[in-house]
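Reviewing the structure listed below.
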Amino acid sequence: MKSSDNSAATVVNNGVNVEALLSAREALGNAPEVAQFKWRASCVWLNGTHSRSTISNFFGLGAEQDRGKTFTVEADHPQVFAAEDNAPTPVEIVLSGLASCLTAGVAAVAQRRGIQLHKVTALLEAEMDIQGILGMDDDVRNGFGAIRVHFDILADASEDEIKALVAQSQKRSAVFDIITNPTNVFVTVN
């Protein structure tokens, strides 16, 4: 959806520091070894299916990065699964991660392309046959069968420019890649 035409004199501010991102990309091009990051989360069981994950420091740019704060994310299951419904389900958190990553990408790409955003809303819906996770049918996948992402974007851009923003965001989204491509996961027990 278009709200008005672009103007060369218009200053675009979507809250993304594109210059810093481009500088970082250039610096990483000169030292690709510092592009290796390790993200971390720790999860503690609370009760029933309720858990709390904490996220703080990470490794990147060749060193530990201290945020100086810790984030928490809780997960639970709904009452229809005989749980207490204290928080979103883990699969809903995955959808939230995908939505957040794609939306952030839209903002960054729009800023880079000089497109002023006025509204960006992503609606995600995932289909799942729970017979798999309940152990009722081993032929049914435990995860999503399909995810549908719909964007509602109001910007100073044409419909084709908006579609191009979303396409570029999808192309560069880490979470989209994680969900759509196999990832090696190693689980150990102490």
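The values are calculated or read from the model by the stated rules, or taken from the named source; none is laboratory data. As the structure is a computational prediction, the values presented were derived from the model and not from experiment. Methodologically, a virtual Cβ is constructed for each residue, glycine included, from the backbone with ideal geometry; neighbour enumeration extends over all protein chains shown.
Exactly one residue out of Ala87, Ala83, Ala27 is of a type in the set (A, V, I, L, M) and exposed (fewer than 15 other Cβ atoms within 10 Å of the Cβ): that is Ala27. If you go through the stretch 160-176 and keep only what is in a helix (DSSP H, G or I) and within 13 Å of Ala99 (Cα to Cα), you end up with Val166, Ser169, Gln170, Ala174, Val175, Phe176.
Is there a residue being hydroxyl-bearing (Ser, Thr, Tyr), modelled with pLDDT of 95 or more and surrounded by fewer than 14 Cβ atoms within 10 Å (Cβ to Cβ) anywhere in the stretch 50-59? Looking through the stretch 50-59, at least one residue is hydroxyl-bearing (Ser, Thr, Tyr), modelled with pLDDT of 95 or more and surrounded by fewer than 14 Cβ atoms within 10 Å (Cβ to Cβ). Among the residues making up the stretch 90-106, a single one is small (Gly, Ala, Ser) and crowded, with 19+ Cβ neighbours inside 10 Å: Gly105.
Number of residues in the stretch 112-152 that are farther than 28 Å from Val166 by Cα and of a type in the set (D, E, K, R) equals 5.
Condition first: surrounded by 13 or more Cβ atoms within 10 Å (Cβ to Cβ), hydrophobic (A, V, I, L, M, F, W, C) and either over 30 Å from Val12 (Cα atoms) or more than 15 Å from the chain's Cα centre (by Cα) (or both). Now tell me which residues in the stretch 142-166 satisfy that. Matches in the stretch 142-166: Phe144, Ile147, Ile153, Leu154, Ala155, Ala157, Ile162, Ala164, Leu165. A single entry from Val106, Val34, Val16, Val12 fulfils the requirement of being within 20 Å of Ser169 (Cβ to Cβ), part of a helix (DSSP H, G or I) and either free of Cβ contacts under 8 Å to residues at least 24 places away in the same chain or among the aliphatic types (A, V, I, L, M) (or both): Val106. Applying the condition of being aliphatic (A, V, I, L, M) and either part of a strand (DSSP E or B) or within 13 Å of the chain's Cα centre (by Cα) (or both) to the stretch 109-134 and asking which residue is surrounded by the fewest Cβ atoms within 10 Å (Cβ to Cβ) yields Leu123.
When the stretch 152-178 is examined, which residues are found to be of a type outside the set (Ser, Thr, Tyr) and in contact with a helix residue (DSSP H, G or I) (Cβ under 7 Å, 6 or more places away or on another chain)? Working first, answer last.
In the first step, residues of the stretch 152-178 are kept if they are of a type outside the set (Ser, Thr, Tyr); the result is 152-157, 159-168, 170-172, 174-178.
Correct list: Ile153, Ala155, Leu165, Val166, Gln168, Gln170, Arg172, Ala174, Val175, Phe176.
For the stretch 173-190, filtered to residues that are of a type outside the set (S, T, N, Q) and surrounded by fewer than 15 Cβ atoms within 10 Å (Cβ to Cβ), the residue that is nearest to Val94 (Cα to Cα) is Ile178. Among residues of the stretch 60-79 being outside any loop (DSSP other than H, G, I, E, B) and over 30 Å from Arg25 (Cβ atoms), the one that is modelled with the lowest pLDDT is Gln79.
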